[in-house]
Structures are given as C-alpha cells and as structure tokens.
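Undergrad: My questions will all concern the structure given below.
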Amino acid sequence: MSNHLVFRFLHSLCPIACTFLTVACSLHAAEPAKVRLVAYNIKHGRGMDNKVDLKRVASVLRKLKPDLVALQEIDQTCIRSGKVDQAAVLGNLLGMHHRFGKFMDFQGGQYGLAVLSRFPIQKSFRHQLAPGAEPRCALEVIVRPTGSGTLLSFVSIHNDWTRGSFRIAQVNDLIAGLRERNHPIILAGDFNAQPKAESLARLQASGFLVSPKTKDAKTFPSPSPRIEIDYFLSRGFSFVNSPVTVVHDERLASDHRPIVMELPLP
C-alpha cells in the first residue's frame with residue numbers, strides 16, 4: 001500500500017475515533033460524584049488481643065479507601081494508649097486531615113472522638129451534648145468534596161451506652177445544634193441504639209434517613225456481632241432511599257466492626 005493510500009485510510013478513521021472519544025468522555029462526565037464514608041469505634045486502638053496498635057487500625061482503614069472517617073473512642077496523650085495523639089497519628093499514617101473532639105480529661109490526656117478527611121476541612125464544631133454516664137459531644141467538620149461544589153457536614157457520633165433517656169437527650173441537643181445547616185449532613189458512628197430505639201426515631205422525625213444495611217447488619221462485638229448499634233444517617237440529599245451500608249468483616253482491630261457507605265453527592 002502506498003503512503004498516499006495509508007494516509008487516506010488513517011484519515012478516514014479520524015471521525016470514528018473522535019466519536020468514540022466523545023461518547024466515552026460524555027459517559028465519564030455523566031457519572032455522579034461520590035464520597036466514600038467509614039465509621040469506626042476503635043476502642044483507643046485496643047484490639048481483641050488486648051494490644052494497642054494504631055498501625056493495625058490504619059491498615060484496616062487504608063483497605064477501605066475512605067474520603068471521610070468518623071472515629072469513636074479516641075485518646076489524646078492518655079497513659080493507657082502510650083500518650084500519643086491518636087487522631088494525629090492516624091491522620092499522618094493515612095495522609096488525611098484530622099480533628100479531635102474532647103469528651104473529658106482522662107489519664108493525663110483527653111478522651112473523645114475524631115474525624116479524618118481526605119478533603120481540606122473548612123470549619124469544625126464541637127457540639128456539647130447532654131451528659132450521660134460520661135460527658136458527651138458530637139464533632140462536626142464541614143468540607144467541600146468536589147472543590148467548587150456544595151458544602152457537606154460530616155458528624156462523628158458516640159452516644160451514651162447506659163440509658164435510652166440519656167441518648168434521647170443527646171440527639172435532641174444534636175438536632176438543635178444542626179438546625180441552621182442548610183447543606184447536606186451525614187451523621188456517622190456509634191449511636192449505642194438498636195434500630196427501633198427512640199433516639200433514632202427522633203433523628204428520623206427531624207428529617208434524617210437511616211442508611212439500611214446488607215443482611216449482615218450487626219456491628220458489635222466484632223468477633224461475632226450480636227447487636228446493630230453503628231449507623232450512617234443523612235439529611236439534605238436528593239435521594240429518596242439512602243444508599244446501603246456495608247459492615248466490614250474486621251474481627252481483631254477493635255471490639256466494633258467498621259461500617260462503609262458510598263454516597264452520591266448532590
């Protein structure tokens with residue numbers, strides 16, 4: 001085949017190639033943006049073998065590839081966990097931004113909860129909640145997942161474990177604290193409430209949707225879960241039915257199993 005014929009053949013393929021690329025790009029552009037969420041009560045890094053091992057926790061989280069992580073039972077420079085800033089250590093290990101919310105002073109440091117974020121954190125708020133067996137707060141971070149897109153509040157939750165009346169008071173305070181938010185909100189963490197509990201019903205009545213789980217819904221205790229107490233709840237999204245939450249089968253790193261959800265952004 002002469003050079004002239006080769007040129008004509010290749011030139012005839014250009015419209016086909018351009019059409020294919022245009023369609024491929026359009027399909028890619030049509031895919032909705034998503035954010036991958038994890039909630040995990042890590043029991044200050046103490047696994048079921050009674051060893052405190054933050055690298056093991058980080059390894060579990062790394063495999064889940066999260067954009068945002070709500071962490072519960074976090075120590076900041078407490079004796080029992082080696083006097084390290086656990087939120088900062090996990091953030092450094094995973095290359096994520098971090099914030100810590102204090103429940104109370106404990107063993108020479110502070111005890112509370114945390115959030116890790118792949119996105120820069122625009123603002124953070126510590127919401128004081130009604131006390132229970134221990135002081136409690138919720139930790140909210142506001143991020144902008146898609147750069148110029150909408151703001152998103154991601155709130156780490158760890159409600160009282162002893163009495164339903166304490167949990168109801170705590171969610172009432174949280175609802176009041178988030179009342180002025182006019183952008184989407186995700187609540188994530190250890191609610192210490194089973195699915196039909198009044199504290200969850202209060203949140204649903206205020207507009208939050210509870211993300212349903214796949215058939216293996218129980219989250220505690222991790223070796224052989226008997227109860228479901230860890231959840232994602234959402235408000236301000238366009239979907240009618242919330243995306244499904246998956247309970248990750250991790251039995252050693254903590255006494256809870258982590259939960260995972262992939263959420264389409266508005």
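Any read-out appearing in this document is the output of simple, stated calculations on the displayed coordinates, not a laboratory observation. In this text, all values refer to a predicted model and were calculated from it rather than measured experimentally. Cβ sites come from the backbone with ideal geometry, for glycine too, and all protein chains shown count toward neighbours.
Undergrad: By count of other Cβ within 10 Å, fewest leading, how are H158, H183 ordered?
TA: Listing H158, H183 from fewest to most nearby Cβ atoms yields H183, H158.
Undergrad: Take the cross-link list K123/K196; K65/K196; K55/K218; K51/K218 and give me the ones stretching past 29 Å between alpha-carbons.
TA: Details: K123/K196 33 Å; K65/K196 31 Å; K55/K218 25 Å; K51/K218 24 Å.
From K123/K196; K65/K196; K55/K218; K51/K218, over 29 Å: K123/K196; K65/K196.
Undergrad: Please report the relative contact order for the chain, taking Cα pairs under 8 Å with a sequence separation of at least 6, and give it as a percent rounded to a whole number. Mind showing how you got there, number by number?
TA: Numbers: 602 pairs, mean separation 50.3, N = 266.
Rounded, it is 19 percent for the chain.
Undergrad: What number comes out for the charge environment of V52, summing +1 per Lys or Arg and -1 per Asp or Glu over other residues with Cβ under 15 Å away? Don't skip to the end; give the middle numbers.
TA: Details: positive: K43, R46, K51, K55, R56, R80, K83; negative: D49, D53, E73, D75, D85, D255.
Neighbour charge sum, excluding V52 itself: +1.
Undergrad: If each of A88 and Q204 carries a label point 7 Å out from its Cα toward its Cβ, how far apart are those two points in nm?
TA: Going by the 7 Å Cα→Cβ label model, 4.2 nm.
Undergrad: Which residues' amide hydrogens lie under 5 Å from the amide hydrogen of K34, considering only partners 5 or more residues apart or on another chain, with H built in the peptide plane?
TA: L265
Undergrad: What is the set of long-range amide H partners of I227 at a cut-off below 5 Å, with H atoms built 1.01 Å from backbone N?
TA: For I227, whose amide H was placed from the backbone, the distant partners under 5 Å are T219, F220.
Undergrad: Run a plain Debye calculation on region 33-264 (Cα atoms as equal point scatterers, no solvent) and give log10 I(q)/I(0) at q = 0.08, 0.15, 0.18 Å⁻¹, rounded to two decimals, same order as the q list.
TA: After summing over all Cα pairs, the log10 values are -0.25, -0.96, -1.48.
Undergrad: Now, a different point. Mind checking which helices in the chain clear 30 Å along their axis (Cα) and have mean Kyte-Doolittle hydropathy of 0.0 or more, DSSP H runs only? Intermediate results must be reported in sequence, preceding the final value.
TA: Details: long enough: 3-30 (40 Å, 1.17).
Both cut-offs are met by 3-30.
Undergrad: Tell me which trypsin sites (Lys or Arg not before Pro) from region 46-141 have a DSSP coil assignment and no more than 11 other beta carbons within 10 Å of their own.
TA: Numbers: sites: R46, K51, K55, R56, R62, K63, R80, K83, R99, K102, R118, K123, R126, R136; in loops: K51, K83, R118.
When the trypsin sites (Lys or Arg not before Pro) of region 46-141 are filtered for loop state and at most 11 Cβ neighbours within 10 Å, K51 remain.
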